[in-house]
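Coordinate-derived values only; no laboratory data. Predicted, not measured: the structure shown is a model, and the values here were computed from it. Don't worry about glycine lacking a Cβ; one is built from the backbone with ideal geometry, like all the others, and counts go over all protein chains shown.
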2 protein chains.
Amino acid sequence: MQHLVAELLNGKRRSVAKLISMIENDHPDKRQLLTEIYAHTGRAYVIGITGAPGSGKSSLVDNLLYKIRSENLTVGVIAVDPTSPFTGGAILGDRIRMQDHALDPGIFVRSMGTRGSLGGLSRSTREAIHVLDAFGKDLVIVETVGVGQSEVDIVKTADTTLVVLTPAGGDGVQTIKAGIMEIADVFALNKSDLPNADRAAAEIKIMLDMNKEDCWKPPIVQTVSIKNENIDQLWEALKKHRHYMEGSGRLLEARRKRVARELTEQVEYLVKNRIWEQVKEKIDLETLINAITLREKDPYSASLELLDKTHVTE
Amino acid sequence: MQHLVAELLNGKRRSVAKLISMIENDHPDKRQLLTEIYAHTGRAYVIGITGAPGSGKSSLVDNLLYKIRSENLTVGVIAVDPTSPFTGGAILGDRIRMQDHALDPGIFVRSMGTRGSLGGLSRSTREAIHVLDAFGKDLVIVETVGVGQSEVDIVKTADTTLVVLTPAGGDGVQTIKAGIMEIADVFALNKSDLPNADRAAAEIKIMLDMNKEDCWKPPIVQTVSIKNENIDQLWEALKKHRHYMEGSGRLLEARRKRVARELTEQVEYLVKNRIWEQVKEKIDLETLINAITLREKDPYSASLELLDKTHVTE
C-alpha cells in the first residue's frame, strides 16, 4: 500500500480516490498511510461552506471554482452530506452540476456521506483534507449540507468559513442560530435579487453588531449565484479573510486548535476500540443488557463495574 | 440531593426542572441521582418527532397534546434544538405557543439545547427522558428541530418515531434522506391543503414501497396542523404503531438496543474522562500539539505514544 502515498505525492488522481475510500471504509492500513501523508500537509488553505438546503450553496461553490481556476489555483472539493449514509451519493443535482469541472485536472471533487457515527464523519473529512493537501491542492473546499451542529463540527476543520443564507421566507432569522454566527467569517446572502434581500442583509448586520466583539467583522456579500452576480466580491471577501488570518497570526492559532482536536479524536478513537476489545473478552454483555432492560441493574453503576474489569484504572 | 429523587417520585414539578438542569450542566451528583432514578423508569412510552424547520412540527405537537390530554394521559415534552447552545432557548415562537399548555399539570414542557458536544446532547436527552419517566408521565414526546444526523441520533431514543414532511417546494423529495426513511414509523404530511399534497404523498409511498421490507408499513397521514385537520387519524396511527410494537415483541427488542446504546455511551464517557485525567498529569500536551502543528510529529503516531503512557493497555 506504500505505493499509494508515492502516487499521491506524484499527483496521480486515482490514488486520491483510493485513499479517501480507504479512509471512509476504515481500512486497516489507514493509520499507517495517514502517518506517512501527514508530513506532506499544512500547505493547503481550507475553506468551509455551509448553508441550508436550497440556499444555492452548491452553485455558489460552482461559481467560486471558476474564479479560483482563473487565478491558476488548484482546488479539491469535499461535499459532505451528514444525512446520507452513502458515499458519492449526496445530492444528485448538485453532483451532476459539479461535473462541469470534472474534466479540469486542477479540480478534484469528492462526496462523502456518513458511514457510521457523526464523529466518524468529521474525522473522515479531516483525513480527506490531509489527502488533498498532500496531493498538492492550493485550496480545499469543504461544503456541507445544512446548518445543524454536525455541519458546524465539520466546518470547524476550515481556515475560513463561508455561511450561505437567503432572504427567502424569514429564513434569514431562522437559520442564523448562535452556532452559525460564531463560525461565520464571511456571509453570502444568496438569491439577493429577491425583494426583501436588503432588509435581510440589514438584519444579519444588526445581529453581527450585537454578537461579535472581534477585530474581524464578517462581511455580508449579496450574491445571485444563478446570475453569477457579486461572485468577484465574494471571492475577494474570502481572500481578505485569509490575509487577515495569515497576517494576524490567527491562522497558526486556529490550526493549533485543529491539531488539538484531531489528537483528541485519535486518542479517544483508539481508547474506545481497546476498551470494547477487552470488554467483549471478559464480560457477557447480553446478560448485562438484559438485566438493565429489566431494571435489575442501571447503566450508570453497570458501566463503572464494567470498567473495573478492564485495564482502564482510575 | 437525595431529597430531589424523593420529590420527583412524589410528583413535585420543581424537582423535574432541577434534575434536568443538573443533567445539562453535568452536575457532579448527576450519576448518583440517575442511578437512583433508573429503577423507577421503563413505564413511559416515548414518541420522537422530527421534521425540517417550518414543517409545522411544533403545532402538530400542540394538536397532539390536546388529543393526549383528552384521553387523560399525562405527557412530558422535550424540545431539542441541536443548533442552539442555550437551554430553554430553542425557537421562540414555538415555545410561546407551547405555553397554552403551561398551566395544565398533566403536561411538562422543557427545551434543551446543545451545551457541549452533540454526543452530549443525545445523552442528556436520554437522561431527561428517564427523569420524566420516573416522574410518572405516561408519554414522553421528544421533538427535534431538523432532519440531520444529529436529530436522527436523538430520535433513536424513541419507541415510535413520527417524521413530519411538507409538500412545499419539492421539499418532500429533498428531506426524505435515507436516514429518515429508516427511522420513520409514521409520516405526517403536514400542510396537506397545499395543491401538490397528494402527489407528494404518492411519492413518499413509492419510496416506502421500495425501501421497507418490514411487517410494519409506515402510514402517511395528511395533516393540516393549523386547521387541526386529521389530527385524530395521526394520533390513531401513532397508537396503532405502539400496539404493533407491544404486540409483536418489538418494543422489548428496541428497548434492549437502547439500553445497549446507553451503556456504550456511559462506558465511553467514563473512559474518556479517565484518559484525559491521566494524560494531563503525565504529558505536556502543549508541546506535543505544537510539534504536530509544525509537522515534526503526526497525530496518528502521537496518539499511540500518548496512550502507551496511560493505563489503557492493549
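Descriptive notes on the structure:
- Relative protection proxy for B:51-61, A:214-224, A:187-197, from highest mean packing down: B:51-61, A:187-197, A:214-224 (other beta-carbon atoms within 10 angstrom).
- From the largest down, segment A:201-314 spans 63, 32, 31 angstrom on the principal axes of its Cα atoms.
- Per residue of A:279-287, other chain Cβ atoms within 10 Å of the residue Cβ number 1 on average.
- Amide H contacts under 5 Å for residue A:45: A:139, A:140, restricted to partners 5 or more places along the chain or on a different chain, H placed in the peptide plane at 1.01 Å from N.
- Under a 5 Å amide H cut-off, with hydrogens placed 1.01 Å from N, residue B:80 pairs with B:112, B:143, B:144, B:145 among residues at least 5 apart or on other chains.
- Principal axes of segment B:249-314: Cα extent on each, largest first, Å: 56, 23, 20
- For residue A:221, residues with placed amide H under 5 Å, excluding near neighbours: A:187, A:188, A:189
- Maximal additional length on extending the residue B:227-residue B:253 stretch stands at 5.6 nm, based on 0.36 nm per residue less the C-alpha distance.
- Each of residue B:290 and residue A:43 was given a label point 7 Å from its Cα along the Cα-to-Cβ line. The distance between the two points is 2.6 nm.
- Peptide packing for B:265-273, A:133-141, A:251-259 was compared via the average number of neighbouring C-beta atoms within 10 Å per residue; ordered from the highest value, the list is A:133-141, B:265-273, A:251-259.
- Residue-wise HN-Hα coupling along segment B:288-297, computed from phi with Karplus coefficients 6.51, -1.76, 1.60 (Hz; x: Gly, Pro): 4, 5, 4, 4, 6, 4, 7, 6, 7, 10
- Residue-wise HN-Hα couplings along segment B:29-41, as the Karplus relation 6.51 cos²θ - 1.76 cosθ + 1.60 with θ = phi - 60° gives them from phi, are 7, 3, 4, 4, 5, 5, 4, 6, 5, 3, 4, 9, 10 Hz; Gly and Pro carry x.
- Backbone HN-Hα couplings from phi across segment B:181-187 [Karplus 6.51/-1.76/1.60, Hz, Gly and Pro as x]: 4, 5, 8, 6, 9, 9, 9
- Taking every residue in A:5-18 and counting other chain Cβ atoms within 10 Å of its Cβ, the average works out to 0.
- Using the Cβ of residue A:260 as centre and a radius below 12 Å, the other residues enclosed give a net charge of +2, where K and R count +1 and D and E count -1.
- The GluC sites (Glu not before Pro) of segment A:188-236 that meet both conditions, a loop assignment by DSSP and at most 12 other Cβ atoms within 10 Å of the site Cβ, are A:213.
- Extending 7 Å from the Cα toward the beta-carbon at both residue B:236 and residue B:206 defines two label points whose distance is 2.8 nm.
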